[in-house]
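Okay, so here's the structure we're looking at.
The values are calculated or read from the model by the stated rules, or taken from the named source; none is laboratory data. Worth saying up front: this structure is predicted, and the values here are computed from it rather than measured. Positions of Cβ are generated from backbone atoms using ideal geometry, with glycine treated the same way; all protein chains shown enter the neighbour counts.
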Amino acid sequence: MDTIDNIHIRRLDLTLLIVFEMLLKKRNMSAVAVEMGLTQSAVSHAVGRLRSVFDDPLFIRKGAGVEPTARALLLGPPLAEALAGIRGAVQIGRHFDPGTAARRFTVAAPDTLVAALAEAALARLAQTAPRCQIMFRTFSHESAAAAVAAGDVDVALGVFADAPRETIGTVMAYETFRVASRRDHPHIKGTLDLDTYCSLDHILVSHDRDARGMIDAVLDGIDRRRRIAAIMPQMLVAFAAASRSDAIITAPLSACLYAASLFPVTLHDPPMAIPGFQLTLLRHRDGLADPAITWLAKLVTEALSRNPQDDHLH
């Protein structure tokens, strides 16, 4: 059996395994060819060799792309683990020097966190990594996690209840909620009570078509409702709108504090109990052996530690 296995292994090379890994993620031979700098015929030839080694079609054409077979899906995790081990071995003893490195990093985070991170990140890059660049992107939490798993994003910040197994998360902070209204709101006198809260128009930040958020689930539990007057794609736009209208927004404390430094808003305690959540930094398991990604994660962590105090709370 060992002899047969060795014969099969000798027919493989790392390029074949990387083609397999990329094709399993992208499901498109042209996309894999572009990503790897190969011709499409070279990718097709690699797939042909893989089929011969594993005695299985592996990928079946479907529309403009391909669909992995059941055998390919079973092969995916162990081959990914093997490649991760090889990548880790290659990195052993290597050193990332931010002062001389020229690398683009990609960070996915909600827009308020991007704004807060950018200030510290730009200063750090100017001082210690002048040739490096950070591309910030905003996604839904689910899309951000998928982008990390696919290798399209280096690190992501958000709430990842069911993160892909290719990723690993580190809890950065525990978030609570506040309600933001424009200053001197005509209908809020002193403490914000539940009746007033439910009577006002609300702004929801969401990437989904469903015009409901976790706050609505909380209100359902106490048999109350709110009216969502507008759904917006980003926090800062929502806070700007709230600062110039009678609508209010319920958002994570860190986002509210940042908005309060930019817009004329007052922050209030929510008039009902809202469960908090963990803010997590997500990265790919392959990146654990990459000193550059470790440097980036440290930069993000240090930037997050500079949160303002809750001195805007009404």
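A few notes on this one:
Conditions tested, residue by residue: (1) assigned to a loop (DSSP other than H, G, I, E, B); (2) loosely packed, with under 15 Cβ neighbours inside 10 Å; (3) at pLDDT 95 or above.
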{"residue": "ALA242", "(1), (2), (3)": "no, no, yes"}
{"residue": "THR266", "(1), (2), (3)": "no, no, yes"}
{"residue": "ASP286", "(1), (2), (3)": "no, no, no"}
{"residue": "ARG306", "(1), (2), (3)": "yes, yes, no"}
{"residue": "ASP311", "(1), (2), (3)": "yes, yes, no"}
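- Residue match in the range 194-213 (condition: without any contact (Cβ under 8 Å) to a residue 24 or more places away in the chain and hydrophobic (A, V, I, L, M, F, W, C)): yes
- Filter result for the condition that a residue is in contact (Cβ under 8 Å) with a residue 40 or more places away in the chain, outside the structural domain of ALA150 (by TED's automatic domain parsing), closer than 23 Å to ALA145 by Cα and out of contact with any Asp or Glu (no Cβ under 6 Å at 6 or more places or on another chain), over ALA259, ALA255, ALA292: ALA255
- One residue stands out in the range 247-263 among those that are hydroxyl-bearing (Ser, Thr, Tyr) and in a helix (DSSP H, G or I): the one that is nearest to the chain's Cα centre (by Cα), namely SER254.
- Flag if PHE105 is surrounded by 11 or more Cβ atoms within 10 Å (Cβ to Cβ), hydrophobic (A, V, I, L, M, F, W, C) and at pLDDT 90 or above: yes
- Check on ALA161, over 25 Å from LEU262 (Cβ atoms) and among the small types (Gly, Ala, Ser): yes
- Any pair with Cβ under 6 angstrom, 6 or more apart, that starts in the range 93-115 at a residue that is free of Cβ contacts under 8 Å to residues at least 60 places away in the same chain and ends at one that is buried (at least 22 other Cβ atoms within 10 Å of the Cβ) and not β-branched (Val, Ile, Thr): THR106/ASP154; ALA108/ALA144; ALA108/ALA156; ALA109/LEU157
- Those residues of the range 160-184 which are basic (Lys, Arg) and in a loop (DSSP other than H, G, I, E, B), in sequence order: ARG165, ARG183
- Restricting attention to the range 12-40, the residues that are under 23 Å from GLY85 (Cα atoms), surrounded by 13 or more Cβ atoms within 10 Å (Cβ to Cβ) and of a type outside the set (Phe, Trp, Tyr) add up to 15.
- Of all the numbered requirements in (1) at pLDDT below 90; (2) in contact with a His (Cβ under 8 Å, 6 or more places away or on another chain), VAL148 misses one, and that requirement is (1).
- Test for LEU125: is it more than 30 Å from LEU17 (Cα to Cα), assigned to a helix (DSSP H, G or I) and free of Cβ contacts under 8 Å to residues at least 24 places away in the same chain: yes
- The residues in the range 41-63 that are in a loop (DSSP other than H, G, I, E, B) and surrounded by 14 or more Cβ atoms within 10 Å (Cβ to Cβ) can be counted, and the count is 3.
- Some residue of the range 201-223 being in contact with a Gly (Cβ under 8 Å, 6 or more places away or on another chain), in a loop (DSSP other than H, G, I, E, B) and not acidic (Asp, Glu): yes
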